[in-house]
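Here the structure is laid out as structure tokens; the discussion comes afterwards.
The values are calculated or read from the model by the stated rules, or taken from the named source; none is laboratory data. Given the structure is predicted, the values throughout are model-derived calculations rather than measurements. Don't worry about glycine lacking a Cβ; one is built from the backbone with ideal geometry, like all the others, and counts go over all protein chains shown.
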Amino acid sequence: MRFVDEYRDADKARALAARIAALCEPGRAYKFMEVCGGHTHTIYKHGLEDYLPPAVTLVHGPGCPVCVIPMGRVDDAIHIAEQPGVIMTTFGDMMRVPGGRGSFLEAMARGADIRMVYSPLDALKIARENPDKQVVFMAIGFETTAPSTAMTILRAKAEGIGNFSVFCNHVTIIPAIKAILDSPDLRLDGFIGPGHVSTVIGCRPYGFIARDYGKPLVVAGFEPLDVLQSVYQNLVQLAEGRAAVENQYARVVPWDGNPKALAVINEVMELRPHFEWRGLGFISDSALRVTERYAAFDAERIFRIPGGRVADPQACQCGEVLKGVLKPWECKVFGTACTPETPIGTCMVSSEGACAAYYNFGRFSRDRVKEATRT
Amino acid sequence: MCLGIPGEIVEILSDHPDLAKVDVSGVRRAINIGLLEGEALAPGDWILIHVGFALSKIDEAEARSALDFLESIGQAYEDEIAALRESMIEQG
Amino acid sequence: MSERMVPVPGGGPPGRTTREDLGLEPIDRPRSSTGAEPGGVCAATRSSARAEPVQERGTARPSSREEKVLERIERARRRKARVREDLITLAHGAGGKATRTLIEAVFLEAFRNPLLEPLADGAVADGIAFTTDSYVVTPLFFPGGDIGDLAVNGTVNDLAMCGARPAHLSAAFILEEGFPVADLRRITASMAAAAREAGVAVVTGDTKVVQRGKADGCYITTAGVGTVDPAVRLSASAAEPGDAIIVSGPIGEHGVTVMLARGELDIEADLVSDTAPLNGLTARLLDACEPGAVRCLRDATRGGVATVVNEIAEASEVAVVLDEDAIPVRPAVRGACELLGIDPLYVACEGRMIAVVAQRSADAALAAMRAHPLGAGAAVIGRIAEDPPGLVLLRTAFGGTRIVDVLVGDPLPRIC
């Protein structure tokens with residue numbers, strides 16, 4: 001596959017790994033956070049940590065939009081789905097996410113009509129085909145996904161489709177990064193920046209990270225060489241005593257992002273004053289809702305939403321894991337009470353969550369795995 | 001967090017100018033290109049696909065230069081290894 | 001789980017997050033964690049062998065805190081299965097962990113006996129192999145096949161995986177009121193054709209009709225019997241370190257074809273299901289290998305190759321080491337999987353099998369399979385290793401390593 005296989009070359013990885021090892025100062029440990037769950041997935045799927053020297057640790061950040069949805073919002077979505085005459089639609093990612101009273105899959109077992117879609121436009125299509133039903137799309141995702149939802153609402157309005165609405169759970173990445181940077185117990189040397197969010201917002205919004213916090217950030221692609229190269233670029237900056245925003249993923253990410261995508265978000269959505277993130281708590285200006293102008297497509301205005309809050313379980317240490325203070329395996333419930341089948345915390349919920357990725361792909365000492373796979 | 005896949009535009013649908021038929025490794029789907037307003041898109045162009053929408057046009061020149069950088073690192077590494085081997089042979 | 005319900009009108013308080021907001025206790029790092037988990041009942045057969053720390057295998061390196069935690073997890077993984085849900089969900093039918101849990105906790109509990117306990121594709125007693133399977137598929141007709149040939153091939157294959165020569169099948173139909181007779185004729189015609197190809201006869205059957213809305217058109221259950229050569233002893237627990245793992249052809253075609261044929265994803269691809277009877281191929285393979293060299297045959301249906309090799313690793317208490325580069329996947333399957341964010345290793349096949357063969361016969365096995373039309377794309381995709389027992393490891397094409405676990409439920413398309 002083009003623009004994929006070229007960035008999965010083991011020879012180039014070995015060369016890059018040698019450069020990375022050479023850049024590490026003896027005796028110094030480096031921690032870089034990959035903000036985005038997609039990067040976490042790449043790291044585990046390809047076994048990328050095998051190329052990193054012991055001095056370099058990758059910390060898995062909060063950038064999994066499924067994981068950060070608080071349980072109360074899942075319950076609200078299930079409440080909507082269980083109203084008579086409603087077809088709930090969402091991405092496959094959401095199906096197993098547990099709320100306070102189970103997941104979508106369990107709600108389906110109780111009789112709710114919940115359908116998986118590949119695109120919000122598919123949800124609109126279901127609305128067109130079922131004029132006697134209320135079709136609700138549970139929208140999740142960062143700025144990457146928000147424009148698609150906004151475009152779908154614009155399309156619904158243009159076509160005059162009256163039985164389609166969006167339960168909007170879009171979140172924004174910058175306040176989450178800021179919340180992490182502001183937490184007192186955090187030690188990070190730099191960031192691997194979220195590539196696909198940046199196709200929309202561009203690279204400028206990260207400026208404060210370099211300027212005010214003195215940390216490098218390298219916007220990175222999602223193939224393993226992309227991630228490895230962004231570790232390298234972070235280390236080069238540290239070695240040169242710089243902190244800057246760099247774009248490793250220029251083949252896809254324009255420095256200024258996608259102005260049309262930002263415009264459609266601004267047309268249809270506005271910032272919520274505050275939104276609860278699973279594992280991180282309330283963060284100001286960190287999520288989007290549908291504006292008054294598009295109220296007819298806003299499920300939160302159409303349906304009576306219980307709006308209950310379900311506290312994160314006591315034993316769960318997701319907050320610490322998300323901030324990189326704890327490794328997934330250091331959490332008290334990791335792998336025993338909290339597993340991919342029975343997730344307690346946000347990080348175990350989606351396959352991109354830090355804990356789920358570690359459980360599925362990384363769980364086991366790397367030395368032992370390497371020993372076993374030696375030819 | 002967001003699965004984005006590169007695909008090649010096969011055709012711009014004439015009855016739906018905001019839709020393009022896109023090929024991913026022999027698999028085809030209609031993708032909404034409404035977010036790439038202002039980009040000149042034509043068959044043969046590559047785009048990044050996310051949830052049925054094209055988010056960005058892939059810049060082949062940038063892709064090339066990134067690969068060149070990786071090649072150069074690889075080449076420098078090969079040279080060093082070769083030099084190291086030679087020096088070891090001389091020492092031996 | 002004790003959760004506090006805190007109704008917060010209008011969303012909740014803004015401002016800084018406190019530890020209490022996060023619902024966190026002070027960090028209490030895991031201690032030695034070698035003690036038994038509360039309520040943890042280990043699966044009796046192999047927990048003791050697996051819980052051994054690494055150093056007792058002769059490695060001098062002391063066990064790190066991480067390793068202790070990981071061992072605790074391995075023990076937790078082997079606890080007795082328990083169904084937590086009150087209702088059956090779709091995940092229980094997906095062939096992954098949820099299915100396994102349901103089978104062990106409900107069916108095995110109720111029916112436990114020595115022939116059932118290995119939970120193999122079929123049971124073998126007195127030289128007779130016996131198996132049954134139900135078929136539900138949407139859509140009923142898809143490129144490369146339909147529910148009819150699936151129902152014949154699936155049961156033929158389950159017999160073939162026992163090392164049996166399939167002989168007779170039964171076929172039971174549950175039909176929905178209003179189902180077109182023409183469709184039923186089409187289905188039975190393809191069943192007849194599949195039976196001819198496999199050299200079996202449908203010798204008995206049953207028909208039920210349920211009210212409209214109580215079934216999805218047509219469900220078929222087939223059962224089959226076949227004879228097993230006494231010299232052939234196949235078992236998922238027979239794999240030994242050094243054995244080769246062979247797949248009979250490119251993986252994931254059936255699953256992707258059916259997923260796309262549903263039309264909901266609006267994705268087009270030139271793919272057809274791989275549904276086929278494998279008894280000819282298995283006969284050829286068993287003939288070509290030294291007696292006892294073929295340890296285990298499994299068709300990679302629900303849950304895909306990843307699930308099958310996990311079952312072998314667990315049953316044989318060995319490690320499976322796969323080579324990503326060696327696993328055959330057609331470009332269109334790969335493309336569809338990339339687009340949907342799923343891993344072809346977990347996608348179902350209906351005409352592909354995994355063979356575990358002793359190293360001494362591996363070349364002969366591969367040659368024999370490649371000489372058969374249904375094994376033309378066969379490849380050695382990995383080998384059995386001793387350690388770590390029960391795990392499947394993958395050497396990635398990128399040159400790294402990772403674990404390949406069993407999925408909880410279906411591989412769901414994802415956006416993130």
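Looking for whichever is more than 9 Å from chain A (Cβ to nearest Cβ), within 17 Å of the chain's Cα centre (by Cα), surrounded by 15 or more Cβ atoms within 10 Å (Cβ to Cβ) and over 19 Å from A:K260 (Cβ atoms) here; the options are B:D45, B:D68, B:D23. Which one fits?
Exactly one of B:D45, B:D68, B:D23 is more than 9 Å from chain A (Cβ to nearest Cβ), within 17 Å of the chain's Cα centre (by Cα), surrounded by 15 or more Cβ atoms within 10 Å (Cβ to Cβ) and over 19 Å from A:K260 (Cβ atoms), namely B:D23.
Whether any residue in the range A:192-205 is surrounded by fewer than 24 Cβ atoms within 10 Å (Cβ to Cβ) and under 30 Å from A:P131 (Cβ atoms) is what I want to check.
No - not one qualifying residue is present in the range A:192-205.
Do we find that C:D405 is within 7 Å of another protein chain (Cβ to nearest Cβ), within 30 Å of B:G52 (Cβ to Cβ) and out of contact with any Ser or Thr (no Cβ under 6 Å at 6 or more places or on another chain) in this structure?
Here the answer is yes, as C:D405 does meet what is asked.
Quick one: would you say C:L345 is surrounded by 24 or more Cβ atoms within 10 Å (Cβ to Cβ), hydrophobic (A, V, I, L, M, F, W, C) and at the interface with chain A (Cβ under 9 Å from one of its Cβ atoms)?
Here the answer is no, as C:L345 does not meet what is asked.
Taking the condition of being under 16 Å from A:K133 (Cα atoms) and in contact with a Leu (Cβ under 9 Å, 6 or more places away or on another chain), how many residues in the range A:101-117 meet it?
Total meeting the criteria: 1.
When only residues in the range A:160-177 that are in contact (Cβ under 8 Å) with a residue 12 or more places away in the chain and surrounded by fewer than 24 Cβ atoms within 10 Å (Cβ to Cβ) count, which is farthest from the other protein chains (Cβ to nearest Cβ)?
Top of the filtered list is A:G162.
Take the conditions without any contact (Cβ under 8 Å) to a residue 12 or more places away in the chain and part of a loop (DSSP other than H, G, I, E, B) and apply them to C:P114. Does it pass?
yes
Count, please, the residues in the range A:113-126 that happen to be surrounded by 19 or more Cβ atoms within 10 Å (Cβ to Cβ) and more than 14 Å from chain B (Cβ to nearest Cβ).
Residues that pass the stated criteria total 1.
Being more than 15 Å from A:I173 (Cβ to Cβ), assigned to a strand (DSSP E or B) and in contact (Cβ under 8 Å) with a residue 60 or more places away in the chain is the filter here, so list the residues in the range A:282-296 that pass it.
A:R289, A:V290, listed by residue number.
Those residues that are of a type in the set (S, T, N, Q) and modelled with pLDDT of 70 or more, I need them from the range C:56-77; list them, please.
Selection gives C:S64 alone.
Among residues belonging to the range C:242-290 that are of a type in the set (S, T, Y) and part of a helix (DSSP H, G or I), point out the one that is farthest from the other protein chains (Cβ to nearest Cβ).
Here the answer is C:T282.
Can you confirm whether A:A15 is over 24 Å from A:W329 (Cβ atoms), hydrophobic (A, V, I, L, M, F, W, C) and out of contact with any Lys or Arg (no Cβ under 8 Å at 6 or more places or on another chain)?
yes
Say whether the condition of being surrounded by 22 or more Cβ atoms within 10 Å (Cβ to Cβ), aromatic (F, W, Y), farther than 26 Å from A:G193 by Cα and modelled with pLDDT of 90 or more is met by at least one residue in the range A:127-142.
Looking through the range A:127-142, at least one residue is surrounded by 22 or more Cβ atoms within 10 Å (Cβ to Cβ), aromatic (F, W, Y), farther than 26 Å from A:G193 by Cα and modelled with pLDDT of 90 or more.
Would you call A:I126 farther than 21 Å from A:G307 by Cβ, in contact with a Ser or Thr (Cβ under 8 Å, 6 or more places away or on another chain) and not in a loop (DSSP other than H, G, I, E, B)?
For A:I126, the condition - farther than 21 Å from A:G307 by Cβ, in contact with a Ser or Thr (Cβ under 8 Å, 6 or more places away or on another chain) and not in a loop (DSSP other than H, G, I, E, B) - is met.
Given the criteria touching a Ser or Thr at 6+ places or on another chain (Cβ under 9 Å), of a type outside the set (A, V, I, L, M, F, W, C) and closer than 23 Å to B:I33 by Cα, does A:E159 qualify?
It is false that A:E159 is touching a Ser or Thr at 6+ places or on another chain (Cβ under 9 Å), of a type outside the set (A, V, I, L, M, F, W, C) and closer than 23 Å to B:I33 by Cα.
I'd like to know if the range A:207-218 contains one or more residues that are of a type in the set (G, A, S), more than 14 Å from every other protein chain (Cβ to nearest Cβ) and assigned to a helix (DSSP H, G or I).
Among the residues of the range A:207-218, at least one is of a type in the set (G, A, S), more than 14 Å from every other protein chain (Cβ to nearest Cβ) and assigned to a helix (DSSP H, G or I), which makes the answer yes.
Check A:P131 against each of (1) in a helix (DSSP H, G or I); (2) out of contact with any strand residue (DSSP E or B) (no Cβ under 9 Å at 6 or more places or on another chain) and name the one condition it does not meet.
Result: A:P131 fails condition (1) only.
May I ask you to list the residues in the range C:171-187 that are crowded, with 16+ Cβ neighbours inside 10 Å and not charged (D, E, K, R)?
C:A171, C:A172, C:F173, C:I174, C:L175, C:F179, C:L184, C:I187, listed by residue number.
Look at B:L3 and say whether it is facing chain A (nearest Cβ under 7 Å), in contact with a strand residue (DSSP E or B) (Cβ under 6 Å, 6 or more places away or on another chain) and either outside any strand (DSSP E or B) or at negative phi (or both).
no
Which of the strands (runs of 3 or more DSSP E) contained wholly in the range B:12-92 include at least 3 residues that are in contact (Cβ under 8 Å) with a residue 40 or more places away in the chain?
Of the strands (runs of 3 or more DSSP E) lying wholly inside the range B:12-92, those with at least 3 residues that are in contact (Cβ under 8 Å) with a residue 40 or more places away in the chain span B:46-50.
Which of the residues spanning the range A:237-287 are among the small types (G, A, S) and more than 30 Å from A:C24 (Cβ to Cβ)?
Within the range A:237-287, A:G257, A:A261, A:A263, A:G279, A:G281, A:S284, A:S286, A:A287 meet the criteria.
Hey, could you check the range A:284-309 for residues that are surrounded by fewer than 22 Cβ atoms within 10 Å (Cβ to Cβ) and among the β-branched types (V, I, T) and say which is nearest to A:P273 (Cα to Cα)?
Taking the candidates together, the pick is A:T291.
Considering A:E276, A:E267, A:E246, which residue is in contact (Cβ under 8 Å) with a residue 12 or more places away in the chain, within 14 Å of chain C (Cβ to nearest Cβ) and either part of a helix (DSSP H, G or I) or among the acidic types (D, E) (or both)?
Exactly one residue qualifies, and that residue is A:E276.
Checking the structure you have, find out if any residue of the range C:138-148 is at pLDDT 95 or above, more than 22 Å from C:T257 (Cα to Cα) and assigned to a strand (DSSP E or B).
no
Of everything in the range A:327-350, what is surrounded by fewer than 22 Cβ atoms within 10 Å (Cβ to Cβ), facing chain C (nearest Cβ under 7 Å), farther than 27 Å from C:H92 by Cα and of a type outside the set (D, E)? Give them in sequence order.
The one that is surrounded by fewer than 22 Cβ atoms within 10 Å (Cβ to Cβ), facing chain C (nearest Cβ under 7 Å), farther than 27 Å from C:H92 by Cα and of a type outside the set (D, E): A:K332.
Any residue at all in the range A:79-92 that is under 16 Å from C:P413 (Cβ atoms), surrounded by fewer than 24 Cβ atoms within 10 Å (Cβ to Cβ) and either of a type outside the set (D, E, K, R) or out of contact with any Lys or Arg (no Cβ under 8 Å at 6 or more places or on another chain) (or both)?
Yes; the residues of the range A:79-92 include at least one that is under 16 Å from C:P413 (Cβ atoms), surrounded by fewer than 24 Cβ atoms within 10 Å (Cβ to Cβ) and either of a type outside the set (D, E, K, R) or out of contact with any Lys or Arg (no Cβ under 8 Å at 6 or more places or on another chain) (or both).
Just for the range C:387-402: of the residues that are facing chain A (nearest Cβ under 7 Å) and in contact with a Ser or Thr (Cβ under 8 Å, 6 or more places away or on another chain), which one is surrounded by the most Cβ atoms within 10 Å (Cβ to Cβ)?
Filtering first and then ranking leaves C:R402.
In the range C:407-414, is there at least one residue being at pLDDT below 95, farther than 23 Å from C:A315 by Cβ and basic (K, R)?
yes
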